[in-house]
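Colleague: Handing you a structure now.
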Amino acid sequence: MLRLASFLLLTGCALQAQITGPSTLVFDEATRSLRFVLGVPGASHFGPALAEGLTAMAVSPDGSRALGSHDGQVASYQMVDGTLAERLLMAGEASSVAWDAGSRYAAFLAGSKLFRYDAGSGDLLELGDAAGRLAVDRAGVVFAASAGAVTRYTGSEALRLAGVGSPVDLALSADGAALYVADTASRSVLRIDARQGGAQSFSAVAADPVALALSKDGASLLVADGEGHKVYVLSVDTQELRLTLDLAFAPSRLTPLSDSLFALTRREAGAPLEVLALRDSAAAYFIPAVEGN
């Protein structure tokens, strides 16, 4: 039976939009703001907005950084001594932002151009033309899934790994060896060899696979089903269905927050965020937002 421990999402306290202790940033799509989350699943809330008017924002897996757009600029954000520091990277609107599992590299699209940002050195590198959803490995290699293909970008080199009809989301294994792709054309999840190329069918359990996420230990793959209003938890090793979570809404995105916690976004615009917790069974919790202290 699947057992994943529940974790405290954030410890610390709020004081005039600042926090003490470790923080976990979350992008609240309904208000287009960066917030922190305080509490545990079932009894937690968004803290006050730390930055507002943001678009295409993605938070790093360790919860300390974010990258996206603000007022026509691509910007990175980092928690420093309890406050949020902003760094402007370039003019433009970022889209399809993704971080590597180590929270060092971020990739994003600005128009048709693909860029990689190194949060450790501050370097920004243009990789070429691309489109679609992105993934990044710990070495800074970027993968893009657009209509018809999944492509790997290493420096200025682009290599087509596999043909995919209509990829809508990517999840990359922690070792960078396997890519999991949600393909709406085949109504299935594919597994691609991220180094040698080639695709294999992984699962067709979801009628409308719209979002993917891997557990931190790499043992489980979560598949959100937009049509079926479910989240399936599959064994990466055996492809066995381990858990099914029934939802009262259509999901659109899964974002890892901390070990067994995932942000679960609803399909309808402006909808509130939910947190998905994996323990002995799976459960989704509504997370309300608060303003002020």
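The values are calculated or read from the model by the stated rules, or taken from the named source; none is laboratory data. Computed from a predicted structure; not experimentally measured. Note: ideal-geometry Cβ built from the backbone for every residue, glycine included; neighbour counts use all protein chains shown.
Colleague: Out of the residues in segment 151-183 that are more than 18 Å from the chain's Cα centre (by Cα), of a type outside the set (G, A, S) and surrounded by 17 or more Cβ atoms within 10 Å (Cβ to Cβ), which is farthest from D118 (Cα to Cα)?
Modeller: Looking at the filtered set, the residue picked out is V164.
Colleague: A further question follows. In segment 109-129, is there at least one residue being closer than 18 Å to A199 by Cβ, in contact (Cβ under 8 Å) with a residue 12 or more places away in the chain and not hydrophobic (A, V, I, L, M, F, W, C)?
Modeller: no
Colleague: Quick check on this structure: which one of L125, L114, L84 is surrounded by 17 or more Cβ atoms within 10 Å (Cβ to Cβ), in a strand (DSSP E or B) and at pLDDT 95 or above?
Modeller: None of the other options fit; the residue is L114.
Colleague: Quick one: which strands (runs of 3 or more DSSP E) sit completely within segment 198-243 and have at least 3 residues that are touching a strand residue (DSSP E or B) at 6+ places or on another chain (Cβ under 7 Å) and among the hydrophobic types (A, V, I, L, M, F, W, C)?
Modeller: Answer list for segment 198-243: 209-214, 220-225, 230-235.
Colleague: Can you tell me which residue within segment 128-149, out of those that are assigned to a strand (DSSP E or B) and at pLDDT below 95, is farthest from V74 (Cα to Cα)?
Modeller: The extreme case among them is A149.
Colleague: Okay, next question. For segment 260-274, enumerate the residues that are of a type in the set (S, T, N, Q) and part of a strand (DSSP E or B).
Modeller: The one that is of a type in the set (S, T, N, Q) and part of a strand (DSSP E or B): T265.
Colleague: Part of a strand (DSSP E or B), within 14 Å of the chain's Cα centre (by Cα) and not β-branched (V, I, T): which single residue out of A58, A75 fits that description?
Modeller: A58
Colleague: Can you give me the number of residues within segment 195-218 that are surrounded by fewer than 22 Cβ atoms within 10 Å (Cβ to Cβ) and either within 18 Å of A135 (Cα to Cα) or under 18 Å from the mean Cα position of the chain (by Cα) (or both)?
Modeller: 11
Rundown of residues vs (1) of a type in the set (F, W, Y); (2) out of contact with any helix residue (DSSP H, G or I) (no Cβ under 7 Å at 6 or more places or on another chain); (3) farther than 19 Å from V275 by Cα; (4) in contact (Cβ under 8 Å) with a residue 12 or more places away in the chain, yes/no style:
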| residue | (1), (2), (3), (4) |
| --- | --- |
| S220 | no, yes, no, yes |
| D225 | no, yes, no, yes |
| Y232 | yes, yes, no, yes |
| Q239 | no, yes, yes, yes |
| T244 | no, yes, no, yes |
| S252 | no, yes, no, yes |
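Colleague: Given the criteria in contact (Cβ under 8 Å) with a residue 60 or more places away in the chain, of a type in the set (A, V, I, L, M) and either touching a Gly at 6+ places or on another chain (Cβ under 7 Å) or on the phi > 0 side of the Ramachandran plot (or both), does A194 qualify?
Modeller: In short, no.
Colleague: So, one more: Given F143, F108, F115, which one is aromatic (F, W, Y) and over 17 Å from the mean Cα position of the chain (by Cα)?
Modeller: The conditions single out F115.
Colleague: Something else about it: Check L261 against each of (1) surrounded by 14 or more Cβ atoms within 10 Å (Cβ to Cβ); (2) closer than 14 Å to S173 by Cα; (3) at pLDDT below 90 and name the one condition it does not meet.
Modeller: (2)
Colleague: Being out of contact with any Asp or Glu (no Cβ under 8 Å at 6 or more places or on another chain), at negative phi, in a strand (DSSP E or B) and not charged (D, E, K, R) is the requirement here; does L109 meet it?
Modeller: The answer is yes for L109.
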